[in-house]
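The values are calculated or read from the model by the stated rules, or taken from the named source; none is laboratory data. These figures come from a predicted structure and were not determined experimentally. Here Cβ is always computed from backbone atoms with ideal geometry, including for glycine, and neighbour counts include all displayed protein chains.
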Amino acid sequence: MILAMDTSTYVLGVALGDSSTIRAEWTTHEKKNHSLRLMPGIDHVMKTVNASPSDLEGIAVTTGPGSYTGVRIGVATAKGMASALRLPMYDVSSLEALAGNRRFAFGLVCPFIDARRGQVYAAVYEADDGHLKTAYEERLWLMDDLLKILASTSLPVYFLSLDVAGHRENIERVLGSRAHVGEGMDGRIKPGEILRIASESVPVTDVHAVVPRYLQLAEAEKNWRMAQGYHE
């Protein structure tokens with residue numbers, strides 16, 4: 001079995017299973033420190049199926065983009081478990097996992113996470129009978145620029161995000177009826193989707209080399225670098 005975890009947004013999720021079956025899945029939407037909830041969540045899913053560490057065959061984690069603190073907690077926990085238990089580790093993009101919610105749709109799938117100041121972490125995938133083909137790699141976008149690119153296509157676009165409410169008006173203004181704005185469950189990363197991606201992937205070659213996909217420097221680090229005279 002593979003243990004999967006996601007701490008990249010305020011929704012924390014853990015799942016246990018393999019390529020064909022989700023044995024247990026747990027999520028919480030409470031906006032509390034993930035460091036206080038992740039290990040109890042792992043313990044919960046393990047006990048639900050009477051599993052022990054020796055039953056695990058791998059550890060999968062979303063490495064971002066997303067919340068700086070949240071991603072760091074998840075990556076550190078996954079690396080620690082994979083190292084201690086000598087297990088393969090799977091590095092999964094939070095945006096790819098989120099896009100999986102609409103992999104059977106027809107058109108483009110655009111998962112995004114708000115990055116403030118009119119920016120979003122986003123990627124664009126083309127859905128094809130359950131498979132996702134990358135159309136635009138994940139990166140930090142100005143939402144207006146991303147929408148201009150999507151407006152140039154003729155395909156329907158499915159937007160998936162916990163932060164969709166703050167962008168809905170702009171999305172629908174630019175794309176009109178081609179915009180399909182997911183709500184509720186569509187906007188959160190499902191731990192079971194992380195399991196699916198991991199089971200179809202190759203584990204990382206060096207657990208210790210895995211780092212969060214921040215896509216930009218944290219605000220505190222930006223300020224420190226400026227104070228030290230660094231220029232991007």
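The rows are residues; the columns are (1) basic (K, R); (2) at pLDDT below 85; (3) within 22 Å of G80 (Cβ to Cβ); (4) out of contact with any helix residue (DSSP H, G or I) (no Cβ under 8 Å at 6 or more places or on another chain).
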site: E169; (1), (2), (3), (4): no, no, no, yes
site: L175; (1), (2), (3), (4): no, no, no, no
site: E183; (1), (2), (3), (4): no, yes, no, no
site: D186; (1), (2), (3), (4): no, no, no, no
site: I189; (1), (2), (3), (4): no, no, yes, no
site: G192; (1), (2), (3), (4): no, no, no, yes
site: E200; (1), (2), (3), (4): no, no, no, yes
site: A209; (1), (2), (3), (4): no, no, yes, yes
site: A220; (1), (2), (3), (4): no, yes, no, yes
Legend entry - Test set (1) of a type in the set (G, A, S); (2) within 18 Å of A151 (Cα to Cα); (3) out of contact with any Pro (no Cβ under 7 Å at 6 or more places or on another chain) - S93 fails condition number: (2)
Inset, instruction - Return the residue satisfying two criteria in turn: it lies in the stretch 94-124 and is of a type outside the set (D, E) and touching a His at 6+ places or on another chain (Cβ under 9 Å), and of such residues it is surrounded by the most Cβ atoms within 10 Å (Cβ to Cβ). - result: F112
Legend entry - Residue count, the stretch 85-95 (criterion: part of a helix (DSSP H, G or I) and under 16 Å from I2 (Cβ atoms)): 1
Legend entry - Matching residues in the stretch 92-135 - criterion: being within 16 Å of the chain's Cα centre (by Cα), over 17 Å from A165 (Cα atoms) and not aliphatic (A, V, I, L, M): S93, S94, E96, G100, N101, R102, R103, Y125, T134
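Take the residues of the stretch 49-73 that are among the aliphatic types (A, V, I, L, M) and closer than 30 Å to L160 by Cα: which is surrounded by the most Cβ atoms within 10 Å (Cβ to Cβ)?
Per the criteria, the residue is V61.
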Inset, instruction - Say whether the condition of being in the same structural domain as I194 (by TED's automatic domain parsing), part of a strand (DSSP E or B) and buried (at least 22 other Cβ atoms within 10 Å of the Cβ) is met by at least one residue in the stretch 41-48. - result: no
Inset, instruction - Output yes when any residue across the stretch 77-84 is closer than 23 Å to L132 by Cα and touching a residue at least 60 places away in the same chain (Cβ under 8 Å), and no when none is. - result: no
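When you scan the stretch 68-78, do you find a residue that is among the aromatic types (F, W, Y), assigned to a helix (DSSP H, G or I) and within 30 Å of N170 (Cβ to Cβ), even just one? Walk me through it before giving the result.
Step one: list which residues in the stretch 68-78 are among the aromatic types (F, W, Y), which gives 68.
Right, trim to assigned to a helix (DSSP H, G or I) and you get 68.
Okay, now just the ones that are also within 30 Å of N170 (Cβ to Cβ), so 68.
There is at least one residue in the stretch 68-78 that is among the aromatic types (F, W, Y), assigned to a helix (DSSP H, G or I) and within 30 Å of N170 (Cβ to Cβ).
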Inset, instruction - Specify which of the listed residues (A179, A122, A135, A127) is within 24 Å of V210 (Cβ to Cβ), touching a strand residue (DSSP E or B) at 6+ places or on another chain (Cβ under 7 Å) and not charged (D, E, K, R). - result: A122
Inset, instruction - Could you tell me whether the stretch 21-44 includes any residue that is at positive phi and not hydrophobic (A, V, I, L, M, F, W, C)? - result: no
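With the condition kept exactly as written, say whether any residue in the stretch 1-11 is in contact with an Asp or Glu (Cβ under 7 Å, 6 or more places away or on another chain) and either surrounded by 19 or more Cβ atoms within 10 Å (Cβ to Cβ) or outside any strand (DSSP E or B) (or both). First the steps, then the outcome.
Filtering the stretch 1-11 down to residues in contact with an Asp or Glu (Cβ under 7 Å, 6 or more places away or on another chain) leaves 1-2.
From what's left, either surrounded by 19 or more Cβ atoms within 10 Å (Cβ to Cβ) or outside any strand (DSSP E or B) (or both): 1-2.
Yes - at least one qualifying residue is present in the stretch 1-11.
Which ones in the stretch 74-88 are surrounded by fewer than 24 Cβ atoms within 10 Å (Cβ to Cβ) and either closer than 23 Å to L36 by Cα or among the hydroxyl-bearing types (S, T, Y) (or both)? Working first, answer last.
Restricting attention to the stretch 74-88, the residues satisfying the condition of being surrounded by fewer than 24 Cβ atoms within 10 Å (Cβ to Cβ) are 75-77, 79-81, 83-88.
Correct list: V75, A76, T77, K79, G80, M81, S83, A84, L85.
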